[in-house]
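My questions all concern the structure below.
The values are calculated or read from the model by the stated rules, or taken from the named source; none is laboratory data. All values derive from a computational prediction rather than experimental measurement. Glycine also receives a Cβ, built like all others from the backbone with ideal geometry; neighbour counts cover every protein chain displayed. SASA here: full protein model, heavy atoms, side chains in, ligands and nucleic acids out. Shrake-Rupley method; radii C 1.70, N 1.55, O 1.52, S 1.80 Å.
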Amino acid sequence: MQPDSSDIPGLSQLRHDELLNSNEAPEDNESSSIRTAFLKTTAALASLNDEISRLRERLEQLEVEYRSLSDEQAQNRNFQSQSPPDSKPGGSLSDPQNSPILREKLRELETDYHTLSQYQEQNLTLLSPLRRLPPEILAEIFTWTMPSARTSSLRRGFSARESPWLLTHVSSHWRAVAISTPILWSLITIFFYSAKRSLNSLYPIPMIEAQVARAQRLNIHFFGADDCPSAPQLELFQFLAKHSSLWEEVSLQLTPALFPLLDDLRGRIPLLRKVFIQWDRGGHGQKGAPSIAFLESAPSLVDVGIYNEYGSIAVALPAHQLTRYQLDAPWETHRGILARAPNVTEARISVQYETDGWTSCSDDIIELPALVHLYVTTPRVCDYIRAPALYDLVLSFKDGDETSVVTTLQSLTARSSCAIKYLGFSSFVAARAVAILHTFPSIIELRLVVAGYNYLQVRTLLENLTVSDTEGGGSGVVAPQLRAISLGSPMRLASTSYLDYDLFLKMVRSRRKSEDCALATSAVILHSGSGPHVKALSEIEALRREGMDFPVMIGEEALDILDYWLCHSRY
């Protein structure tokens with residue numbers, strides 16, 4: 001039996017094959033014919049199945065009869081020599097091994113059933129609801145296949161085997177939907193990492209041109225490298241700059257060769273809302289004193305992050321527009337920007353390359369009425385601001401800066417009439433952290449960032465947070481009001497020597513046992529690595545069974561959380 005489309009009225013073999021080899025939905029009249037054929041095939045399969053079952057039963061019956069006759073022969077061996085040849089038990093009709101007609105018939109029926117089943121499955125795919133998804137729903141599904149900017153930066157080049165390019169090679173329908181969905185083409189990540197690979201092999205200009213043409217807005221991530229040839233980097237950046245009017249989000253890793261091209265962007269970035277710029281050198285190796293001025297005229301810019309490990313560069317920003325701010329600079333630079341930024345809700349204020357920019361703050365208070373999330377590298381910043389909405393604070397202090405931190409924070413909260421609820425520690429001294437926790441009972445969540453430079457202080461603080469058997473729930477317990485205590489590391493750790501899971505879990509367990517402690521949530525948030533060891537995972541699972549919320553996250557999702565904890569730019 002070889003069914004084909006001739007069994008389907010109104011559907012030619014060519015059209016049937018065309019539908020099978022695409023994701024195109026049949027026309028309504030074609031669907032009706034396919035459904036009719038589907039029902040007929042279902043009935044035919046049922047009939048074949050019944051016939052196969054009957055034939056198998058018959059063969060099994062013959063097998064039983066043959067065995068019965070064989071047993072009878074064994075009992076009557078003395079009479080076998082007298083039996084005529086034609087009456088030998090298990091003859092051609094009774095012996096299943098000698099029933100070629102029945103067995104051949106069974107094989108034919110099974111082959112027909114298999115062929116008809118495949119035909120049925122093909123027609124079923126033609127009736128799949130997926131073929132009739134509205135384009136807007138299909139486009140939404142496509143967006144979930146897209147890599148994040150972080151993942152995209154690891155791909156090291158464009159690939160037709162990944163989204164969005166892969167979506168254009170499935171069928172003409174998918175291709176049309178993908179090409180007409182601009183958001184699929186908005187992300188362009190360029191990462192120069194090897195002088196051995198040519199520009200065209202990594203990022204073919206025709207592919208980038210096609211992507212730009214299909215996108216309405218662009219999310220650009222461009223990572224230049226000093227140890228790669230400058231010419232291809234300049235060529236590609238200049239090509240992208242021609243389309244700067246489409247830029248909505250941009251992150252740039254600059255080189256000395258790329259830096260001068262920024263001035264050409266002034267007045268040409270009307271849609272730019274978010275920018276992060278980093279480079280490996282300040283004024284070193286540059287002609288004159290470099291500065292970033294092109295952002296000042298960006299009418300839509302609200303989120304800025306600028307980082308340089310080695311030195312400060314003058315930056316002009318539309319401060320009155322900003323809602324998020326991240327900068328490594330002397331305090332004098334920060335103060336000039338923040339004084340004009342009343343809409344900032346999140347700020348990472350890293351005071352670096354310090355000159356003597358600290359003046360008397362009694363008459364120089366900066367009003368930040370919208371600020372809710374603040375990261376500071378020195379407590380002195382808190383003497384200069386009023387932030388009535390502030391409730392999420394991250395502290396990263398050098399040893400010498402911590403002596404007055406408690407009184408400084410008391411002044412900030414009194415001046416601002418705010419209550420700190422979430423507190424994070426990056427670089428700190430454990431004794432000062434304990435003092436802060438004792439002083440501010442409004443703090444209900446504690447986040448500890450672990451790294452090579454502070455892991456001993458983290459361990460000391462964990463020991464202080466552990467409730468001893470003698471303390472029970474008494475007044476000696478540090479911050480019993482804490483509802484959440486989490487541990488995180490943003491570093492690529494080759495080993496877990498910095499992370500004392502046993503001590504952390506001992507602290508968690510002790511606070512869970514204490515009647516006066518409110519701890520309900522803990523978490524382990526890691527950039528990379530294998531995570532907690534087996535014994536620790538077993539203990540975490542036991543705490544979960546007791547009703548505790550205790551996520552363990554490693555990788556991209558964890559990095560997003562750590563970036564939030566530390567007020568880093570997020571993409």
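In region 494-502, is there at least one residue being touching a strand residue (DSSP E or B) at 6+ places or on another chain (Cβ under 8 Å), under 15 Å from Phe550 (Cα atoms), hydroxyl-bearing (Ser, Thr, Tyr) and open to solvent by less than 40 Å² (accessible area, probe 1.4 Å)? Spell out how you get there, then give the answer.
Residues of region 494-502 touching a strand residue (DSSP E or B) at 6+ places or on another chain (Cβ under 8 Å): 498-499, 501.
Next, only the ones that are under 15 Å from Phe550 (Cα atoms) stay: 501.
Subset that is hydroxyl-bearing (Ser, Thr, Tyr): 501.
Still in the running and open to solvent by less than 40 Å² (accessible area, probe 1.4 Å): 501.
Yes, some residue in region 494-502 is touching a strand residue (DSSP E or B) at 6+ places or on another chain (Cβ under 8 Å), under 15 Å from Phe550 (Cα atoms), hydroxyl-bearing (Ser, Thr, Tyr) and open to solvent by less than 40 Å² (accessible area, probe 1.4 Å).
Right, another one. It is to be established whether one or more residues within region 201-210 are surrounded by 18 or more Cβ atoms within 10 Å (Cβ to Cβ), modelled with pLDDT of 90 or more and in a helix (DSSP H, G or I). Spell out the reasoning first.
Pass one, region 201-210, residues surrounded by 18 or more Cβ atoms within 10 Å (Cβ to Cβ): 202-203.
Then drop every residue that is not modelled with pLDDT of 90 or more, which leaves none.
No, region 201-210 contains no residue that is surrounded by 18 or more Cβ atoms within 10 Å (Cβ to Cβ), modelled with pLDDT of 90 or more and in a helix (DSSP H, G or I).
Just checking, how many residues over region 45-100 are touching a helix residue (DSSP H, G or I) at 6+ places or on another chain (Cβ under 7 Å) and at pLDDT below 55?
7
List every residue pair whose Cβ atoms lie under 6 Å apart, where the two residues are 6 or more positions apart in sequence or sit on different chains, the first residue falls within region 515-540 and is under 19 Å from Pro480 (Cβ atoms), and the second residue, located anywhere, is open to solvent by 80 Å² or more (accessible area, probe 1.4 Å).
Taking only residues 6 or more apart or on different chains, the pairs are Ala518/Arg483; Ala520/Arg483; Thr521/Asp549.
Okay, moving on. Considering only region 378-393, I want to know if a residue exists there that is open to solvent by less than 20 Å² (accessible area, probe 1.4 Å), in contact with a helix residue (DSSP H, G or I) (Cβ under 8 Å, 6 or more places away or on another chain), part of a strand (DSSP E or B) and farther than 25 Å from Pro490 by Cβ.
Yes; the residues of region 378-393 include at least one that is open to solvent by less than 20 Å² (accessible area, probe 1.4 Å), in contact with a helix residue (DSSP H, G or I) (Cβ under 8 Å, 6 or more places away or on another chain), part of a strand (DSSP E or B) and farther than 25 Å from Pro490 by Cβ.
Consider region 438-458. How many of its residues are buried (at least 20 other Cβ atoms within 10 Å of the Cβ), modelled with pLDDT under 95 and either assigned to a helix (DSSP H, G or I) or aliphatic (A, V, I, L, M) (or both)?
So the count comes out to 4.
Within the set of pairs 6+ apart or on separate chains, which have a first residue in region 124-151 that is in contact (Cβ under 8 Å) with a residue 24 or more places away in the chain and part of a helix (DSSP H, G or I), a second that is of a type outside the set (A, V, I, L, M, F, W, C) and exposed (fewer than 12 other Cβ atoms within 10 Å of the Cβ), and C-beta atoms under 8 Å apart?
Short answer, once both residue conditions are applied: Pro135/Ser180; Ala139/Ser180.
Taking Leu423 as meeting all but one of (1) open to solvent by less than 20 Å² (accessible area, probe 1.4 Å); (2) at pLDDT below 95; (3) outside any loop (DSSP other than H, G, I, E, B), write down the number of the exception.
(2)
Here is a follow-up. Just the residues that are under 21 Å from Val212 (Cβ atoms), at pLDDT 80 or above and open to solvent by 60 Å² or more (accessible area, probe 1.4 Å), please, taken from region 132-160.
Thr145
Which condition breaks for Ile183 when tested against (1) within 30 Å of Pro256 (Cβ to Cβ); (2) modelled with pLDDT of 90 or more?
Just one mismatch for Ile183, condition (1).
Now for a different question. Only residues that are touching a helix residue (DSSP H, G or I) at 6+ places or on another chain (Cβ under 8 Å), open to solvent by 70 Å² or more (accessible area, probe 1.4 Å) and of a type in the set (Gly, Ala, Ser): list them for region 165-182, please.
Ser180
Separate question: What is the number of the single condition among (1) at pLDDT 95 or above; (2) in contact with a helix residue (DSSP H, G or I) (Cβ under 9 Å, 6 or more places away or on another chain); (3) under 20 Å from Leu499 (Cβ atoms) that Phe428 does not meet?
(1)
For region 410-419, what are the residues that are under 24 Å from Val449 (Cβ atoms) and open to solvent by 10 Å² or more (accessible area, probe 1.4 Å)?
In the first step, residues of region 410-419 are kept if they are under 24 Å from Val449 (Cβ atoms); the result is 410, 412-413, 418-419.
Passing the criteria: Gln410, Thr413, Cys418, Ala419.
Which condition from (1) modelled with pLDDT under 95; (2) hydrophobic (A, V, I, L, M, F, W, C); (3) over 30 Å from Ile306 (Cα atoms) is the one that Phe504 breaks?
Phe504 satisfies all of (1) modelled with pLDDT under 95; (2) hydrophobic (A, V, I, L, M, F, W, C); (3) over 30 Å from Ile306 (Cα atoms) except (1).
Here's another thing I want to ask about it. Any idea how many residues of region 513-532 are out of contact with any Pro (no Cβ under 9 Å at 6 or more places or on another chain) and modelled with pLDDT of 90 or more?
Applying the first criterion (out of contact with any Pro (no Cβ under 9 Å at 6 or more places or on another chain)) to region 513-532 yields 513, 515, 520, 528-532.
Those still in the list that are modelled with pLDDT of 90 or more too: 513, 515, 520, 532.
The number of residues fulfilling the criteria is 4.
Of everything in region 211-242 that's of a type outside the set (A, V, I, L, M, F, W, C) and touching a helix residue (DSSP H, G or I) at 6+ places or on another chain (Cβ under 6 Å), which residue is surrounded by the fewest Cβ atoms within 10 Å (Cβ to Cβ)?
Residues of region 211-242 that are of a type outside the set (A, V, I, L, M, F, W, C), as a first pass: 211, 214, 216-217, 219, 221, 224, 226-227, 229-230, 232-233, 235, 238, 242.
When the remaining residues are screened for being touching a helix residue (DSSP H, G or I) at 6+ places or on another chain (Cβ under 6 Å), the result is 211, 214, 216-217, 221, 224, 232.
Details: Gln211: 18, Arg214: 18, Gln216: 11, Arg217: 16, His221: 20, Gly224: 23, Pro232: 18.
It comes out as Gln216.
Let me ask you something else. Which condition number does Leu543 fail, the rest of (1) open to solvent by less than 30 Å² (accessible area, probe 1.4 Å); (2) of a type outside the set (Val, Ile, Thr); (3) touching an Asp or Glu at 6+ places or on another chain (Cβ under 7 Å) being met?
(3)
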